[in-house]
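Undergrad: Structure in structure tokens, see below.
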Amino acid sequence: MLSCTKRVLPNGLRLVSVAMPHLHSAEIAVYIKAGGRNDTAGKSGISHFLEHMLFRGSSEFASNLELEIAFEAIGGSVNAATDEETTCYFSRVHPNQIGEGVRLFSSMLLRPILEGIELEKRIITEEALEDINERGDETNPSNLCSKLMWPDHPLGMPTIGYLDTIKGFTEEDLRRYLADCYVPGNALIVAAGRHDPESFFAACERSFAEWSGPQAPAPLAADLRQDEPRSLFVKDSDSQVNLQIAFRGFARHDRRIMGLRLMRRILCGGGSSRLHLSLREKLGIVYSVDASLSAYEETGAFAIELATAPENLALAVSEVLAEVRRMAFEDVDGAELARVKDGYFYDMEYSSDSTYEMQVRYGWGELMAIVRSLEEDRAEAAAIEAIQIRESARALFAPENLNLVAVGPWKAVSKRAVEKLIKEYQKGWSRN
């Protein structure tokens, strides 16, 4: 029911069609291989800021309202997202309107007017202030953990930028970034859903054939070294402490990534996951606990996050460290691993009904040179054994990879207890 076709235009623009003829909708996404890590010194947040500015009108559509109305007229609702390595513009459209959707995206990306910069600065400043407390301190645990892992590197800076960098952006800055990074060889367009692939390719050629530009500059490589655990405690007036424990992880092409996907599910994958049972059902000290996996070109991270009352902070840290250590030194039970794999297989099957999931798998995957079919992922996951999970955990959860951030009304006694737990985690690891 699903077929993937690729094409490359003479200017280097990659096109991917994921035909899903059983559906009644389609999604178009335009990827730019540039995100927060491409922001240059003193311009932190410019990738994200430009993403916002492209919604403010083009030579054909004088305002964001005109652009929104044009997308709504074809069954769409245009949106965008900027992460560390990519910027994506996407919209669902009616299958009969694929060509018009492609045309609208070309107008946004190739002919923006970039008006309303000062207004957009105010809007994004409000967004940035959501992660800053009354004393001006950063309070987003994910941002703070990234800063611990990759200090003085764009990966360690918030994608949204800082208040002073946002304030300083100019039209010249945006035009320069467009010229450097928004070039066809650095981009990909994908359509997923019910559509005719050849019609989609023809529409892209009509709207994007004249797009040109030099090779995009390579982003600054991240330092892969971390020699010891790092921790940061930030005071904030809240009822809970927001905790993130992140471990420096593996790069996107590392053969151990699949094992980490299964490991994430073992630890935080639902009601039967280990940390959910320990922290919520046994101890009652969290409402929820989650884990995320990030894999970049040359590095990565595995992060566990939760919120708990200040008096429970040390207990929560103790339980998390004990469970990741268990992953590193004990084999996962066969029944538990089989259950986790089955859940992963079911989720992959569900994803084949989603135009969003398929455009990410085959579009983003092609952009990052890691495209994989559902069948390939299933076969790799099926072959993972308990010993591989343990070996990957041993490498991932080594003490020198540990980064801990606690934000909230923590007490000095809890801070000392957590720091002691980190030292014990180091010593205990070296004894094994």
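The values are calculated or read from the model by the stated rules, or taken from the named source; none is laboratory data. In this text the structure is predicted, and so the values were computed from the model without any measurement. Note that we place each Cβ from the backbone using ideal geometry, even for glycine, and neighbour counts take in every protein chain shown. Keep in mind that these areas ignore ligands, DNA and RNA; they rest on the heavy atoms of the full protein, side chains included. Shrake-Rupley method; radii C 1.70, N 1.55, O 1.52, S 1.80 Å.
Undergrad: Take residues that are closer than 30 Å to T5 by Cβ and touching a strand residue (DSSP E or B) at 6+ places or on another chain (Cβ under 7 Å) and tell me which of the helices (runs of 4 or more DSSP H) falling wholly in segment 332-417 contain 2 or more.
TA: Per the criteria, 355-359.
Undergrad: Can you name the residue in segment 363-376 that is charged (D, E, K, R) and surrounded by fewer than 17 Cβ atoms within 10 Å (Cβ to Cβ) and, of all such residues, is farthest from M258 (Cα to Cα)?
TA: Among those that are charged (D, E, K, R) and surrounded by fewer than 17 Cβ atoms within 10 Å (Cβ to Cβ), it is E375.
Undergrad: Starting from segment 57-85, keep only residues that are under 16 Å from L110 (Cβ atoms), then list their pairs with residues that are assigned to a helix (DSSP H, G or I) and open to solvent by 60 Å² or more (accessible area, probe 1.4 Å) whose Cβ atoms are within a distance under 8 Å, requiring at least 6 positions of separation or different chains.
TA: If the second residue must be assigned to a helix (DSSP H, G or I) and open to solvent by 60 Å² or more (accessible area, probe 1.4 Å), the pairs left are G57/N64; G57/E66; V78/E68.
Undergrad: Specify which of the listed residues (A303, A335, A291, A307) is closer than 30 Å to A192 by Cα, of a type outside the set (K, R) and at pLDDT 95 or above.
TA: Sole residue among the options that is closer than 30 Å to A192 by Cα, of a type outside the set (K, R) and at pLDDT 95 or above: A291.
Undergrad: Is at least one residue of segment 403-420 modelled with pLDDT under 95, among the aromatic types (F, W, Y) and open to solvent by 20 Å² or more (accessible area, probe 1.4 Å)? First the steps, then the outcome.
TA: Keep residues of segment 403-420 that are modelled with pLDDT under 95, which gives none.
No, segment 403-420 has no match at all.
Undergrad: Could you check segment 348-362 and list, in sequence order, the residues that are farther than 14 Å from A191 by Cβ and either open to solvent by less than 20 Å² (accessible area, probe 1.4 Å) or among the aliphatic types (A, V, I, L, M) (or both)?
TA: Within segment 348-362, M348, S351 meet the criteria.
Undergrad: Could you tell me whether any residue of segment 301-309 is touching a helix residue (DSSP H, G or I) at 6+ places or on another chain (Cβ under 6 Å), part of a helix (DSSP H, G or I) and open to solvent by less than 20 Å² (accessible area, probe 1.4 Å)?
TA: Looking through segment 301-309, none of the residues is touching a helix residue (DSSP H, G or I) at 6+ places or on another chain (Cβ under 6 Å), part of a helix (DSSP H, G or I) and open to solvent by less than 20 Å² (accessible area, probe 1.4 Å).
Undergrad: Do any strands (runs of 3 or more DSSP E) entirely within segment 1-90 hold 3 or more residues that are surrounded by 20 or more Cβ atoms within 10 Å (Cβ to Cβ), and if so, which?
TA: Per the criteria, 14-19, 26-32.
Undergrad: Say we look at segment 250-271 and pick out the residues that are modelled with pLDDT of 95 or more and not in a helix (DSSP H, G or I); which of these is surrounded by the fewest Cβ atoms within 10 Å (Cβ to Cβ)?
TA: For segment 250-271, the residue satisfying everything is R255.
Undergrad: Just checking, does segment 118-139 include any residue being open to solvent by 50 Å² or more (accessible area, probe 1.4 Å), more than 16 Å from the chain's Cα centre (by Cα), modelled with pLDDT of 95 or more and among the small types (G, A, S)?
TA: Checked segment 118-139: no residue is open to solvent by 50 Å² or more (accessible area, probe 1.4 Å), more than 16 Å from the chain's Cα centre (by Cα), modelled with pLDDT of 95 or more and among the small types (G, A, S).
Undergrad: Among the listed residues S207, S239, which satisfies the condition of being over 27 Å from F397 (Cα atoms) and touching a Lys or Arg at 6+ places or on another chain (Cβ under 7 Å)?
TA: S207
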